[in-house]
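Reading through the structure tokens given below for one structure.
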Amino acid sequence: MHSYSLMASAKINLYLEIIGARPDGYHDLAMVLQSIDLADQIDLRPLGTNAIHLHCDHPEVPQDESNLAYKAAALMAETFPDVLAKYGGVEITIQKRIPVGAGLAGGSTNAAAVLVGLNLMWNLKLSDKQLQDLGSLLGSDVPFCIVGGTKLATGRGECLSSLPVLDDFYVVLGKYRSLCVSTAWAYQTFRHQYLTNELARENRQQEVCLEKMMSAIKDRNNGQIGQLLHNDLERVVLPEYPQVQQLRDEFRGLGCAGMMSGSGPTVFALTNSQTQAQQVLESMKIAIPDPDLDLWVSKFRDSSIRVSSLTK
Ligand code: ATP
């Protein structure tokens, strides 16, 4: 049996609208999700026993059963016990490059990589749709992370429709290393402030622009896409985290379309070339000379998980 090495891409939200609260505690969403080439490496090695072992080089990532990649392997083992008995378990090694708790779906993309990798290792021949159905049991972003690219995500985020691929953007990402925003806190606060108050809800509705964003993407109008970036969660995260607001303001001050990704605290800015992205990164280092601020240049990708090597 082969060992697999997979690259698992992060995502950013070009658009995130919270439509309403659901009785199951989740929210109905409309999102445009985009894969970028900032990626973790996930190595899968067959084990002689039925066990699942996990190692990760990042101190903030759990190495036990609570790790989403572990949960993905456990779900596969539970769903296909005969295959587990035939092929045995797996050793998972995660080399983290995606910042943790950053609004970039790091855990979800690790889980997606394990589902895709075990599908190959155990010769299951599951379709993307079957893998996405399994992924939706692990988290709302996992189905997107199986396929990646540029997608409209509705429902909890698990109902995906394809959009024209936008692979000609570069993106500069900024995140304060010591800053983490709880996704659960961000959604709960938003629910409390905006979804239970009819006036706030109506005012907000006037600002949303999904249709315009979809048209801009279909026309591949990069300028318009930049202008139409939208994230409802900024309403609760920016007032609470002034550093995130400052990061966003600095990007915008440099003339870039900038927006928070997911529940933050990562802020991204779009550019049309690698040279421009590098210039923005250098300008940001000068504008905010804080050693706690990490900056990356990345590029849009038309997919998420890719097998980078395979060994016997
Ligand atoms: P999302 O954008 O999907 O809300 P995120 O990018 O904000 O996610 P993650 O990097 O996925 O956040 O991490 C959220 C929490 O999940 C972390 O605090 C970490 O303890 C836990 N976690 C579990 N498994 C993983 C994993 N494989 N990689 C990163 N974090 C993980």
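Candidates are the residues of the stretch 60-73 that are more than 9 Å from the ligand (Cβ to nearest atom) and exposed (fewer than 14 other Cβ atoms within 10 Å of the Cβ); the one that is farthest from Q132 (Cα to Cα) is D64.
Quick test for you: out of G157, G174, pick the one residue that is touching a helix residue (DSSP H, G or I) at 6+ places or on another chain (Cβ under 6 Å), surrounded by 22 or more Cβ atoms within 10 Å (Cβ to Cβ), not hydroxyl-bearing (S, T, Y) and not in a helix (DSSP H, G or I). Let's see the steps before the verdict.
On the way: G157 fails: touching a helix residue (DSSP H, G or I) at 6+ places or on another chain (Cβ under 6 Å).
Criteria check complete, one pass: G174.
Taking the conditions (1) touching a residue at least 60 places away in the same chain (Cβ under 8 Å); (2) away from the ligand (no atom under 14 Å from the Cβ); (3) in contact with an Asp or Glu (Cβ under 8 Å, 6 or more places away or on another chain); (4) over 26 Å from E234 (Cβ atoms) in turn, A30 satisfies each one other than (4). Considering the stretch 234-264 alone, what residues qualify as being surrounded by fewer than 23 Cβ atoms within 10 Å (Cβ to Cβ) and assigned to a loop (DSSP other than H, G, I, E, B)? Result: Y241, L254, G255, C256. For first residues located in the stretch 100-118 and on the phi > 0 side of the Ramachandran plot, partners that are within 6 Å of the ligand (Cβ to nearest atom) and of a type outside the set (D, E, K, R) and lie 6+ apart or on another chain with Cβ distances below 8 Å form the pairs G103/T183; G103/G262; G103/S263; A105/G262. Within the stretch 74-108, the set of residues being touching a Leu at 6+ places or on another chain (Cβ under 9 Å), within 15 Å of the ligand (Cβ to nearest atom) and among the polar types (S, T, N, Q) comprises T93, S108. So, N110, is that one part of a helix (DSSP H, G or I) and under 21 Å from K175 (Cβ atoms) or not? When the stated conditions are applied, N110 passes them.
Say whether the condition of being in contact (Cβ under 8 Å) with a residue 12 or more places away in the chain, touching an Asp or Glu at 6+ places or on another chain (Cβ under 8 Å), within 11 Å of the ligand (Cβ to nearest atom) and not hydroxyl-bearing (S, T, Y) is met by at least one residue in the stretch 119-136. Checking the stretch 119-136: not a single residue is in contact (Cβ under 8 Å) with a residue 12 or more places away in the chain, touching an Asp or Glu at 6+ places or on another chain (Cβ under 8 Å), within 11 Å of the ligand (Cβ to nearest atom) and not hydroxyl-bearing (S, T, Y).
Applying the selection to the stretch 181-194, what residues are part of a loop (DSSP other than H, G, I, E, B) and surrounded by 18 or more Cβ atoms within 10 Å (Cβ to Cβ)? Don't jump to the end; show me each part of the working.
Applying the first criterion (part of a loop (DSSP other than H, G, I, E, B)) to the stretch 181-194 yields 181-182.
Hit for the stretch 181-194 is V181, nothing else.
Taken together, the values in this text are just the output of simple stated rules run on the coordinates, not laboratory data. All values reported here derive from a predicted model rather than from experimental measurement. FYI the Cβ positions are ideal-geometry reconstructions off the backbone, even for glycines, and counts take in every protein chain you see.
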